[in-house]
Amino acid sequence: PNSDYSVSKGAASLLVKYYGEIIGFPCANLRLYSIYGPWEERDRLIPTLISNGLQGKFPPFADKKISRDFLYVDDCTRAFVLAALTVCKSRPGLSLNIGTGYQASLEDMATKAKAIFNIPGEPTFGCMPNRKWDLSNWYSNPELAHQEMHWEHRISLEEGLKLSANWEQAAAEVIRFGVTPRKDKKISAVIACYRDHEAIPIMYERLTKVFQKEGVDYEIIFVNDRSPTQDEDVIASLCQRDSHVIGVSHSRNFGSQSAFLSGMEVANGDALVLMDGDLQDPPELIPEFMKKWSEGFDIVYGVRLKRIAPLYMQVLYKVFYRIFKILSDIDIPVDAGDFSLIDRKAVDQLVILPEKDVFLRGLRAWVGFKQAGVSYVRPERLFGKSTNNFFKNIWWAKKAIFSFSVKPLEYIQRASVLLFLTSAAASVFYLGYYFMGPRTAAPGVTTIVLLVLGMGGVQLFSVSVLGDYLGKVLEEVKGRPRFIRSRIMRGQEVIDTKEEILKYVSKSREERSIFLS
């Protein structure tokens, strides 16, 4: 025996043998192999294979050499009837193998499914972890059952798969409301990509290794934000190799925040991990995020203790986050970028927010829920140079502050009051100086010039701040979409019309709703 389950089966067979041979009770032990057919649990191999096959795709597979002896349920029930009529009376306590004697590997099952369901592309093996009791030579010898009760299987594996598929389609309205216990939580990784064609394959390998090691179901969504390099081609090749990968392409560059939201709408996971495609966010930190998540935290974000960058940029980033925290109307964690794990209930709130010009790390704090940080050192880009520069970072800082604070408007108001009081005090001073001092013109042309220039600078600065706020209001009232998807790729399938894309996204939402129900 190689598992607790097999130990219990061994004990049960000995118990049946005792009651049959010693006590004389009319019984037999039927050693059933892998029974399949209507009403089998939804998370088992063949129901999963059929439901995916009917959608024209392969499910994720473990090692292709793992085998089973699959027996259709009608052959199994016939064996019970025959056993009750024969060996239970003639040879009580006997153990009999009930199987086909045919060894069907996962590779064989994928080949049969491809032929029956006309699935395009090729299956990917090894993307699901093997269980410790899996074997490459698991099949029966049913000769004794044939000798003692004239039983043998009648339904071939191909015929059984077709019968199961027919039942699946006929029973769709019933079984779709059934609760399917899932073995693991599902994690969706959403990666915003721009000029990351060299890093994407490495990101895929590292993410896959992490998720398989953790033993969770997963999907990897690469969002190509209209990169001028070969990002889309690289993503398409990964989609064809692995059913866990989904590719989303935008019609133009909408920015990383819109790319994240685009992937979040498509994702089906119980939790989402947001990452940049340049590998500055290490996938190996995800298990620590998941650990915090399992402890009850709904949002877990990465805290950058240090980043590999020029010293002046490190200082400016530190200063920005602390100024942002002071100015913000909500509690903003410092040194926390987009890299984070967000629970489904928080994701659902983020994607329905109506604003167009978004700053996700601020919205992530705004939605609330229980949050925690995990510290890490952020490395340099693995390839190429960052598209951010000093002026782009100034733009990001303004975007953050004007999205989550009205304090600059309050400061302008305070400055105007202060300047009014200063000018009133200066007027009183010069009036007194005129009457009490010598009868000469009050000196200070330089003072007047400096005051005019200073006041003018303050006014222009105030107008520019007001302009930024008005610009944000203008962007919101235009009502333009935050992004436009040009295509979605999954396996060999490419969805590239507006209607099909909307249907795909709506279907993803419906699947989440059905599961939550």
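The values are calculated or read from the model by the stated rules, or taken from the named source; none is laboratory data. As the structure is a prediction and not an experimental result, all values here were calculated from the model. Cβ sites come from the backbone with ideal geometry, for glycine too, and all protein chains shown count toward neighbours. Ligands, DNA and RNA are stripped out before the accessible areas are found, and what is left, the full protein with its side chains, is counted by its heavy atoms. Shrake-Rupley method; radii C 1.70, N 1.55, O 1.52, S 1.80 Å.
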- Among residues belonging to segment 49-83 that are farther than 15 Å from Pro123 by Cα and among the aromatic types (Phe, Trp, Tyr), point out the one that is most open to solvent (accessible area, probe 1.4 Å). Phe80
- Task: Report, by residue number, each residue of segment 236-276 that is closer than 25 Å to Pro59 by Cβ, assigned to a helix (DSSP H, G or I) and under 16 Å from the mean Cα position of the chain (by Cα).
- Result: Cys239, Gly263, Met264, Glu265, Val266
- Query: What is the one condition in (1) more than 26 Å from Trp138 (Cβ to Cβ); (2) open to solvent by less than 50 Å² (accessible area, probe 1.4 Å) that Phe25 does not satisfy?
  - Reply: (2)
- Query: Do you know which residues across segment 195-239 are open to solvent by 50 Å² or more (accessible area, probe 1.4 Å) and in contact with a Lys or Arg (Cβ under 8 Å, 6 or more places away or on another chain)?
  - Reply: Asp217, Arg226, Pro228
- Query: Does Ser243 meet the test of being without any contact (Cβ under 8 Å) to a residue 12 or more places away in the chain and more than 24 Å from Val358 (Cα to Cα)?
  - Reply: no
- Using the structure shown, decide if Phe117 is over 26 Å from Ala12 (Cβ atoms), out of contact with any Ser or Thr (no Cβ under 7 Å at 6 or more places or on another chain), at pLDDT 85 or above and buried (at least 16 other Cβ atoms within 10 Å of the Cβ). yes
- Message: Step by step: first the residues of segment 280-309, then only those that are open to solvent by 70 Å² or more (accessible area, probe 1.4 Å) and over 22 Å from Leu207 (Cβ atoms), then the one that is modelled with the highest pLDDT. Which residue is that?
- Response: Glu295
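Which one of these is aromatic (Phe, Trp, Tyr) and under 30 Å from Lys57 (Cβ atoms): Phe70, Phe80?
Values: Phe80 fails: under 30 Å from Lys57 (Cβ atoms).
From the options Phe70, Phe80, the qualifying one is Phe70.
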- What do you reckon, is Glu205 charged (D, E, K, R), in a helix (DSSP H, G or I) and farther than 16 Å from Gln492 by Cβ? yes
